[in-house]
Every structure is written in C-alpha cells, then in structure tokens.
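Take a look at the structure set out below.
We did not get these values from a lab; they are worked out from the coordinates using the rules stated. For clarity, every value in this text was computed on a predicted model and none was experimentally measured. So basically every Cβ, Gly included, is an ideal-geometry build from the backbone, and we count neighbours across all protein chains shown.
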Amino acid sequence: MISAINSEWAKFDLGELKDNNYRTALFVALLKLGQEGTIRDSGWPNSPILRGWYEAVLAGRGKTAVGPNNCMPMEWAENTYVPASLAPRLRWANERWGLAD
C-alpha cells in the first residue's frame, strides 16, 4: 500500500496530477504511515497557503487523536457534520494557519 501511495505522490512531481484535495489526502496518508522523508524530499505546491498547511501539519500542529490534520484543508463546508476526531484542527485565517476553536 505504501508503494502505491508513493507512486501516486510521485505523479505530482511529474506534473501529471493537479488536484490539491487529492494531494493533501496523499500527504496525510503518507505522514500517518511514517513516510515523512518521502514528503520532505519531493516537490511541494507553489501555493503559499498550501505550503503553510504542509509545514504546519509536519510540525505536528493540528494533530487529532487519529493523526495529522484533515486531508482537505480548504474544502470542508461549515455546515457539514464531521466527527471531532476527524474535524479540521487548522483553519486559514488572517493570512496564516491557526488552531480552530
């Protein structure tokens, strides 16, 4: 499974994949599976907002009982029910990532 996820992750470096939600999902999965080196050694997104999210998650900010922050940092709808263990802990506000209330 780790090989398959690494293979998908490598497609971003090759420019084959562009979906940021998929990229962040793979990022969280790799981190949860102990593949931090793979994440650090590959290309990161050009978006300063997503770069900041990657850095915050790697630093352990926003970690929940099940692991790193949610895999869709910008897409959760405000009125969507998400169990507390999966709810995003990091929120983009005032030009930075901070812990949600």
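Structural remarks
- Here each label is just a point 7 Å from Cα along the line to Cβ, and for Y22 and V82 those points are 2.0 nm apart.
- Summed residue charge, Cβ within 13 Å of F12's Cβ, Lys/Arg positive, Asp/Glu negative: -2
- Top positive-direction residue, dipole computed over the chain with Cβ charges, set A100, N21, S42: A100
- Note that the range 20-60, at 4 °C in a medium of 1.567 mPa s, gets a Stokes-Einstein diffusion coefficient of 126 µm²/s from its Kirkwood radius over C-alpha pairs.
- Dipole moment magnitude, nearest 20 debye, the chain about Cα centre, only Lys, Arg, Asp, Glu C-beta charged: 220
- Per-peptide average of other Cβ atoms within 10 Å, ordering 24-37, 83-96 highest first: 24-37, 83-96
- Orientation-averaged projection of the chain equals 6.6 nm² [convex hull of Cα atoms, one quarter of hull surface area].
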